[in-house]
Structures are given as structure tokens and as C-alpha cells.
Amino acid sequence: MHRRLARLAALVLTALPASGLAAGSPQKGIALGLFSEDPGWSYRPLLDEIAATGADHVELVVAWYLDDVGAVEVKEHPRFSAPAEAIERAIGDAHAAGLKVFLFPILRLTRQDAPDEWRGTLRPRDRAALFASYSRALVGLARLAARTRVELLSVGSELSTLDGERAPWVPLVGAVRSVYPGKLTYSGNWDHFRKVAFYDLLDYAGLCGYFALAHEGAPSGEAELTRAWRDLRVELDRFSLLVKRPLIFTEVGYLSQRGASAWPWAEGSRKPVDLDEQRRCYAAFARVWRGAPIGGVYFWNWYGWGGPTSGGYTPRGKPAAEEIRRFFKP
């Protein structure tokens, strides 16, 4: 069975470059979270590091907050939401560093009443009120994006309990397009993107790529991880053709922790540091997707000190950074 899947994968991979949906070169990007409440804070050193990897895009992540999963008012957190001045400065610094900008708003919860609550499990007490509040925030960000000539904007990320219903997204996307002339995407969650109901309103079909590449405790060598990504690519190439939109990986990232290839989405994990497991995951992705006709890929996330004692997502100061450089190399 696995050999038949591998042969099918090879056939699809061979055929797709001639019929790929992506126009031009894929975006080579790295995400950078904007979490400083200080309007004068400079992200320029980090942006210069990102440019030095060979990236040509940066994904600037803007965090907004809801009080809980039932809340309907989108707010800026006094500490964790970058103010407009800091966002504008980061955009200007990114452009000065030679990077195009993908502006990527996400929703976070101020309070979790259960461990599994997050933006993918929202249960607003009034859906219309939440969409109205979210639309106001998004249109405000879109105006900023237009003014600062941002190249790409996301209208949302991983809102799995909200993105399967098309009707409320039609006026929201229309309102954004009325003030922002650039390209638009939306990031479906890795386990839900097939149910997103409005990719046809956008320029790219975005998704986060936190797919499990191994089973807990199973071998996770580079060959095994590459096979897992190869099988996933067959599915994702088909999906891109189905929705008639180029794919963008809005997030691809791995914790540098032992076993992380089995649960790359588990950001709260505290397993032993394993820099090579992270590196192998990046290497496997690069082997399968290098030269693919997709819209782009953004690796998650350059923010953080990094280095050999870090078990977090950042590839800074880790062997994974070299895999990124090799992937981005022309």
C-alpha cells in the first residue's frame, strides 16, 4: 500500500510543475511575532537576520485578544499587542531590509477556562457581534497595510469554528478589499483547512503546516519524515487544484524538542531539547517542497533568543537555521 502511495506521489510531483497554480517565484518567508508594547521598539536587528537567511518576505504577526471563547469584542492587549506605531515601524524596517511584508493578525484568549480552548474553538455568545468587532479591527489594519504598502494580508488564522460558514466572510472580505489593494489570504488550521468555505474570495489558499510527521515513539529519521511530507504533498497539491488557488504555508515550524515531529502543534510542550529533531523536520520539508509551484512558505517563528538550550520554535542559533538557508538558496 505504501509503495503504491509513493508511486502516486511521484507521478503527481512530476506532473504538477507544468500545471501549477502559483505565478512567479514562491514567497520565501519567515514569521516574526510583534509582541512588544513599546512603540519605539526596533525589530530591525531581527529583520536583518531574517534577510540574511535568503528570505525575501517576512510575516509580521499581530496579536489581538478576546476575553474568552465566548467573547464578542476583539481588543488590543495592553502588553502583548503591538500598537499601530510599532507595526508601522516594523513594516518600514522590513522594507528597508529588502523584505516584502505579509501582515498576519491572530486572535488569542486572555482567559482559558479549559486547557483545550484557543482561537480554533471559539463559541461566541453572539456570532454577528463578534464578526462586526473583528471586521472593524481588520479594516483598520487593512488601512494601515494600504498606507504602508504591505504586499500581502491575511484575513484570519485557524478560526475553525467560524471559517466553515461562508456568509459572514463575504462582507468582511469585501470591506477589506475596499480599503486594501494588495493580495489576501486566510490560514486554515492543518486539520481543518479543507472545510474553509471562502478561499474563492481570496488570492491564496493559506494553511498552517503542523502535520504530524511521525507517531509517538516511532522512528523519526530524515527518511521517515521525508516520506511523511511526500505523502502530504500529494494531498495538498490536489487540494490546491480543487480550490483553484496557490497554496501558502502561513506557518511551518517545529519545536526543538525530543519527539516534536509527532506533535508540532503542541506549543506548550516541555520535553527535553533536541536540536537535531527540529533540523530533521526542516530538512524533510525542504526535500519535498523545494522548487514546488506554490504561493510560498513562512517558517515559524524567528522571535526568541534561540540557541542550543532553547526548546522553542525559533530556529535562531540552531542547526535548523542552516536548513532554512539551504532551502532559500536559489
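Principal axes first, then extents: for the Cα atoms of segment 164-236, list largest minus smallest coordinate on each axis, whole Å, largest first.
Here the spans come out as 50, 24, 18 Å, largest first.
Can you pull the semi-axes for the chain, root of five times each eigenvalue of the Cα gyration tensor, sorted largest first, whole Å?
29, 23, 21
Determine the distance separating the Cα centre of segment 24-61 from the Cα centre of segment 128-147; give it in Å without decimals.
Here the answer is 22 Å between Cα centres.
Find out how many positive minus negative residues lie around HIS57, taking Lys and Arg as positive, Asp and Glu as negative, among other residues whose Cβ is under 11 Å from that of HIS57.
Local net charge: -1.
Quick one: Cα convex hull volume of segment 17-98, Å³ per residue?
138 Å³
Run the numbers for ASP126 and GLU235: contour at 0.36 nm per residue of separation, minus the present Cα-Cα distance, in nm.
35.7 nm
Gap in Å between the Cα centre of segment 221-257 and the Cα centre of segment 87-124?
22 Å
Calculate I(q)/I(0) for segment 104-157 by the Debye formula, one identical point scatterer on each C-alpha and no solvent, and give its log10 at q = 0.13, 0.24, 0.27 Å⁻¹ to two decimals.
Results for segment 104-157 at q = 0.13, 0.24, 0.27 Å⁻¹ read -0.41, -1.01, -1.13.
Rule-based calculations on the coordinates, nothing more; no lab input. If you're wondering where the values come from, they're calculated on a predicted model, not measured in any experiment. Cβ: placed from backbone, ideal geometry, glycine included. Neighbour counts: every protein chain shown.
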